[in-house]
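Just so it is clear, none of the values below were taken in a lab; they were calculated from the coordinates. Values in this document were obtained by computation on a predicted structure and should not be read as measured data. Glycine gets a Cβ as well: all are built from the backbone with ideal geometry, and neighbour counts include every protein chain shown.
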Amino acid sequence: MARQPPYPARRQITPPAPSFLLPAPMPSPRDTLLARVTSALAPLPKRAPLPNWDNELVIMRQARGPVDAWTFFAERLKAVNGTPLASTTDLVATLTQGGWKHGYCDPALWDELRPAFDAAGGFNVETTFDRARIDDYQFCITAATAGIAETGTLVLSDLDTSRRLAALSPWVHVAVLRRAQIHIDVPAAIAALPQDPNVIWCTGPSKTADVEGILIEGVHGPGIQIALLLG
Amino acid sequence: MALQQIDQFSAKLRPETRASVYDGSKKGHEKRTSVLFDHYPDPDHLRRLAGNIKQHVVENLDTLLPAAAAALERNGVKVHWASTAEEANAAVLAIMRARNATKMVKAKTMVSEETHLADYLGKNGVECVETDLGEFIIQIDGDHPSHIVKPIIHKNRRDIATSFEKNGLGAYNDDPQTITRRARAHLRKKYLEADVGLTGANFVTTDTGRLVLVTNEGNSRFCLAATPCHIAMVGIEKLLPRETDLGLYLNLLARSGTGQQLTVYTEFISGPRSATQPDGPEEMHVIFVDNGRTDALASDCREILRCIRCGACLNVCPVYRQASGHAYRSVYPGPVGAVLSPLLAGERFPELADLPKASSLCGACNEVCPVNIPIPDLLLRLRNRGKQEGSKAAAAGTPPMGAWSLLASQPFVWKTSLLAGNSLNYIPKSLIPVPPMQTWLRDRTLPAWRGGAFRKWLANRPTPPAAK
Ligand code: SF4
């Protein structure tokens, strides 16, 4: 790798006056820190090289061989206590069963989902999210950017997910996923990380084992994480 | 002769605490092993590879740090530099003052523990709320974390229920589910009211300038969904050269730390929220913190800077399991702490120079470490340094070797003492009239004395067949 000079270029544009006439310039915090790094490394006769490696290495045994992306995804999501659902009818049934009737839905998805909710009846679904009432929403439906099958992970991003809070604060979060969006493994998902200031991978419901190592779900985020396959 | 401080501490440990720590760490270790070996044919190969990449990072920080800073700046992040804990804390406060901010919600970051950020902000009129469940309980208790991944491994549910009751979080109830729900309700209000969310970083990619955060509870995500300003305190060694390296490290970190394939939340942050997103920070700051790391970098123990803070070496360590984290008297306990804490301590090195001795050098920590740090070797190098610097802490619990070297250098005296030693087999060990031996024998046993047996065998051994 090309070595860069330890100091930023702006150091070199000090005025060309005799240095004894000027007060010594205070080094910036950046210069101070980097100078310490440089001098700590100076005695090293050579530096450790950067090894290349093959993605194959980190693909789980279980993800090898031909797999149907959604089937595999659903199996792995269940393994982390998530809930894969393959139709809006299943979604409405699940919400009804849990008694979760008040929710929010990303307006861009509502047209597609609405018929199933209307058919079941009794739901109150808002398409704007009011941060002053976050505890009113028992469920929120937002769009996923992608999925990762080998880990049962839902990928959300700033550009695709209508509200960060809606995907986090309700007890039930539903992420809408399309078959073509599912990556098989983690390296594939890393290679396809969206150009987005914020990407988050959600693997099952929010959880803790802080108290005596006992697993509790729904700590700060959702207690129920649903992946809804649409198309 | 005094006992080592770690022994003194562990002798006074409550039996319940010892049990909590022992069970918690043992469970963590077992999960790690089963998941790693179930998922990968050769996890050791992955550990060595991850170690080599991180060693490259450590030895090239002089070029990688400016590159990472430039990438972050391209992404719209304001980058700050802090050589000391004081500078890091002051940088946080300055950012807050510039925004007239008085309320912070904080995710778990070990660097902020190093700098005692919460105390500092409290003294400067900033309310700083810990949001990780474990850290929150530590905060209301005025306690300290005792594990880098499971901060309250030393507490049981009754301890926690008692402190919730004391702090007005409902009547005594030691059901873990109830405890968690109460914290959930209490902390949501704090997120929504806060002006600033503070996190650490598990990794920073040098090529693309993404900060990667892994958590399970969703608290750091809440900090970044509810507040308008994000500050990240990042140790200078957290860099990865390439974004693609994340595939390796994310897979290793969760499996090593908690036995999960991935933690629940893995967040990739490369700047303030996008224009179309209503939630999240409009401003993002990264503070690169040295605080002793360049001392470690200049030392012959720089391998410790590869550490990705997974906690696996704590879980597997027989000394940690018996002594618990607080026995290490510093932010980083266990094997990693025994190396890192004295190095980060700077001039206070001699005070912590006993920590490298709190190890049987069994090597288990090296074997589980996802970045293959040769911890036992580093412990030996630090023992040597403690001796060179004449640290009193390092000398505690060590039998003086002067008498032994006198005997060993004079063949006649040595032979006589070997035979005389046989009498030790007939008197109880507790009566051996050498006080340093008494301390040493408190936790150890001696085999039966067989003085002279080897010499006798050597003299009478059958002549080996002549080499051809
Ligand atoms: S030293 Fe290795 S095993 Fe220990 S916490 Fe660091 S990365 Fe994990």
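Peptide B:240-252 has a mean shielding of 5, counted as Cβ atoms of other protein chains within 10 Å of each residue's Cβ. As a length-normalised measure over Cα pairs under 8 Å and 6 or more apart, the relative contact order of chain B settles at 21 percent. Distance between the C-alpha centers of segment B:228-267 and segment B:21-35? Whole Å please. Segment B:228-267 and segment B:21-35 have Cα centres spaced 21 Å from each other.
What the phi angles of segment B:102-113 give under the Karplus curve with 6.51, -1.76 and 1.60, with θ = phi - 60°, is a coupling list of 10, 10, 10, 9, 10, 8, 6, 9, 5, 4, 5, 5 Hz, glycine and proline written as x.
Prolate is the label for the protein assembly as shown. Its Cα gyration tensor axes, ordered a ≥ b ≥ c, give a/c of at least 1.5 and a/b above b/c. Once backbone amide H atoms are built at 1.01 Å from N, B:ASN167 has no partners under 5 Å, excluding neighbours fewer than 5 places away on the same chain.
Other residues within the sphere of radius under 15 Å centred on the Cβ of B:THR33, judged by their own Cβ, net out at +1 (K and R +1, D and E -1).
Charges were assigned to the Cβ only: +1 to each Lys and Arg, -1 to each Asp and Glu. The resulting dipole of the protein assembly as shown about its Cα centre is roughly 2800 debye. About its Cα centre, the dipole of chain B is roughly 1840 debye, where the only charges are +1 on Lys and Arg Cβ and -1 on Asp and Glu Cβ.
Compute the signed sum of charges (Lys and Arg +1, Asp and Glu -1) over the other residues within less than 11 Å, Cβ to Cβ, of B:THR199. Neighbour charge sum, excluding B:THR199 itself: +1.
For chain B, the longest principal axis of the C-alpha atoms and the axis of helix B:61-74 are separated by about 20°. Classify segment B:42-291 as rounded, prolate or oblate from the Cα gyration tensor: take a ≥ b ≥ c as the square roots of its eigenvalues, call it rounded if a/c is under 1.5, otherwise prolate when a/b beats b/c and oblate if not. Verdict is oblate for segment B:42-291.
Taking +1 at the Cβ of each Lys and Arg and -1 at the Cβ of each Asp and Glu, which of B:VAL126, B:SER10, A:PHE139 sits farthest along the dipole of the protein assembly as shown towards its positive end, judged by Cα position relative to the Cα centre? The listed residue farthest towards the positive side: B:SER10. In a reduced charge model with +1 at each Lys and Arg Cβ and -1 at each Asp and Glu Cβ, chain A shows a dipole moment near 1220 debye about its Cα centre.
In the protein assembly as shown, taking the dipole from charged Cβ atoms about the Cα centre, the farthest positive-side position among A:VAL219, A:ALA188, B:ILE287 is held by B:ILE287.
With the Cα gyration tensor of segment A:67-229 giving a ≥ b ≥ c as the square roots of its eigenvalues, does the rule (a/c under 1.5 for rounded; else a/b larger than b/c for prolate; else oblate) give rounded, prolate or oblate? Rounded, since a/c falls under 1.5.
Per-residue ellipticity at 222 nm computed for the protein assembly as shown from its helices equals -12000 deg cm²/dmol, with DSSP H segments shorter than 4 residues left out and the rest contributing -39,500 (n - 2.57). The order of the peptides A:32-38, B:383-389 by mean Cβ neighbours within 10 Å, most packed first, is A:32-38, B:383-389. Using a Cα-Cα cut-off of under 20 Å, which aspartates and glutamates could be cross-linked to B:LYS456, ignoring same-chain neighbours fewer than 8 residues away? Cross-link targets: none qualify. Derived scalar couplings between HN and Hα for segment B:123-132 equal 5, 9, x, 9, 7, 10, 9, 6, 10, 5 Hz in order, rounded to whole Hz, by the Karplus curve 6.51 cos²θ - 1.76 cosθ + 1.60 (θ = phi - 60°), x for Gly and Pro. Close amide H partners of A:GLY204, meaning residues 5 or more places away or on another chain with modelled amide H under 5 Å apart, are A:LEU154. Our note on the geometry: Cα centres of segment B:79-101 and segment B:274-348, 20 Å apart. Across segment A:173-186, rounded Karplus estimates of 3J(HN,Hα) from the backbone phi angles (6.51 cos²θ - 1.76 cosθ + 1.60, θ = phi - 60°) give 10, 10, 10, 8, 10, 10, 3, 5, 8, 7, 7, 6, 9, 4 Hz, Gly and Pro being marked x. Taken residue by residue and averaged, Cβ atoms of other chains lying within 10 Å of the Cβ of B:209-216 number 3. Comparing B:LEU305, B:THR463, B:VAL196 along the charge dipole axis of chain B, the residue lying farthest to the positive side is B:THR463, per the Cβ-charge model.
For a 4.7 Å threshold on C-beta separation, the list of partnerless cysteines in chain B reads B:CYS128, B:CYS223, B:CYS229, B:CYS301, B:CYS307, B:CYS310, B:CYS317, B:CYS362, B:CYS369. Amide H to amide H distances under 5 Å link B:ILE287 with B:HIS80, B:ALA232, B:MET233, B:VAL234, where only residues 5 or more positions off or on other chains count and H is placed in the peptide plane.
With the contact rule set at Cα under 8 Å and sequence spacing of 6 or more, what percent relative contact order holds for segment A:67-229? In percent, rounded to a whole number, it is 28.
Considering only Cα-Cα distances, which of the following residue pairs are longer than 24 Å: B:LYS27/B:LYS150; B:LYS26/B:LYS54; A:LYS78/B:LYS108; B:LYS123/B:LYS238; B:LYS238/B:LYS387; B:LYS31/B:LYS166? Flagged as over cut-off: B:LYS26/B:LYS54; A:LYS78/B:LYS108; B:LYS123/B:LYS238; B:LYS238/B:LYS387; B:LYS31/B:LYS166.
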